[in-house]
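Asks: My structure is below; once you've seen it, I'll send some questions.
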Amino acid sequence: QVQFVESGGGLVQPGGSLRLSCAASGRSFSRWVLGWYRQAPGKERELVGTITNGITTNYSDSVKGRFTISTDNAKSTGYLQMNSLKPEDTAVYYCNGGVVPIQSAWGQGTQVTVSS
C-alpha cells in the first residue's frame with residue numbers, strides 16, 4: 001500500500017526558497033508520474049506540477065520558471081525546489097500520483113508560508 005510523507009515546509013520571506021521532500025513507501029518513481037499539489041486556505045487542491053519516469057516535468061503556469069520537480073528513484077523520494085516564493089504560494093503542499101491521485105495515500109502535507 002502506497003503512503004506519502006511530505007516534509008521541508010516552513011516560513012519564508014517573499015523571494016526566498018524552500019525544498020520540499022516526498023518520501024514514498026511502496027512506490028518507485030522510475031516508471032510513474034509523480035505530482036505535487038497544494039491547497040491554500042479556502043481553495044481547492046490544485047496540481048502544481050508533475051514528473052514522469054523521473055525525467056519529464058510539467059508545471060502549472062503559476063509556478064513555471066520558479067519551481068523544479070525532481071526525484072531520486074533509488075530513495076523513492078521526490079523533491080520540489082521552490083524559488084522566488086510569493087505570498088500566493090502559501091499553502092499546504094502534498095505529493096501523490098500525477099495522473100490519478102491515490103485517494104488512500106494522501107499524506108498530512110507540509111505547510112509553506114510566505115510572509116514578511
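The values are calculated or read from the model by the stated rules, or taken from the named source; none is laboratory data. A quick note: this is a predicted structure, and the numbers were derived from the prediction, not measured. A quick note on method: Cβ atoms are made from the backbone with ideal geometry, for glycine too, and the neighbour counts reach across all protein chains shown. We work out accessible area using only protein heavy atoms, side chains counted, and drop any ligands, DNA or RNA first. Shrake-Rupley method; radii C 1.70, N 1.55, O 1.52, S 1.80 Å.
Asks: Going through Ser76, Ser60, Ser70, Ser30 one at a time, which residue ends up being of a type outside the set (Val, Ile, Thr) and exposed (fewer than 14 other Cβ atoms within 10 Å of the Cβ)?
Replies: Criteria check complete, one pass: Ser30.
Asks: Can you name the number of the only condition in (1) at negative phi; (2) surrounded by 15 or more Cβ atoms within 10 Å (Cβ to Cβ); (3) modelled with pLDDT under 95 that Gly54 fails?
Replies: (1) is the only condition that Gly54 fails.
Asks: Return the residue satisfying two criteria in turn: it lies in segment 93-106 and is open to solvent by 30 Å² or more (accessible area, probe 1.4 Å) and in contact (Cβ under 8 Å) with a residue 60 or more places away in the chain, and of such residues it is nearest to Glu6 (Cα to Cα).
Replies: Applying the filter and picking the extreme gives Trp106.
Asks: Sort out which residues of segment 33-51 are part of a loop (DSSP other than H, G, I, E, B) and open to solvent by less than 60 Å² (accessible area, probe 1.4 Å), and write them in order of number.
Replies: Ala40, the sole residue that qualifies.
Asks: Another question about this same structure. For segment 83-115, which positions are touching a Lys or Arg at 6+ places or on another chain (Cβ under 7 Å) and either aliphatic (A, V, I, L, M) or outside any strand (DSSP E or B) (or both)?
Replies: Matches in segment 83-115: Asn83, Ser84, Ala91, Val92, Val114.
Asks: Across segment 21-32, what is the total count of residues that are part of a strand (DSSP E or B) and free of Cβ contacts under 8 Å to residues at least 40 places away in the same chain?
Replies: Qualifying residue count for the region: 0.
Asks: Going through segment 97-109 one residue at a time, which ones are modelled with pLDDT of 95 or more and either under 16 Å from Gly49 (Cα atoms) or charged (D, E, K, R) (or both)?
Replies: The one that is modelled with pLDDT of 95 or more and either under 16 Å from Gly49 (Cα atoms) or charged (D, E, K, R) (or both): Gly109.
Asks: Is there any pair linking a residue in segment 1-20 that is closer than 15 Å to Gly35 by Cα and outside any strand (DSSP E or B) to one that is open to solvent by 70 Å² or more (accessible area, probe 1.4 Å) and of a type in the set (D, E, K, R), with Cβ under 7 Å and at least six apart or on different chains, and which?
Replies: Short answer, once both residue conditions are applied: Val2/Arg27.
Asks: Does any residue of segment 10-17 turn out to be at pLDDT 95 or above and under 11 Å from the mean Cα position of the chain (by Cα)?
Replies: So far as segment 10-17 goes, no, none of its residues is at pLDDT 95 or above and under 11 Å from the mean Cα position of the chain (by Cα).
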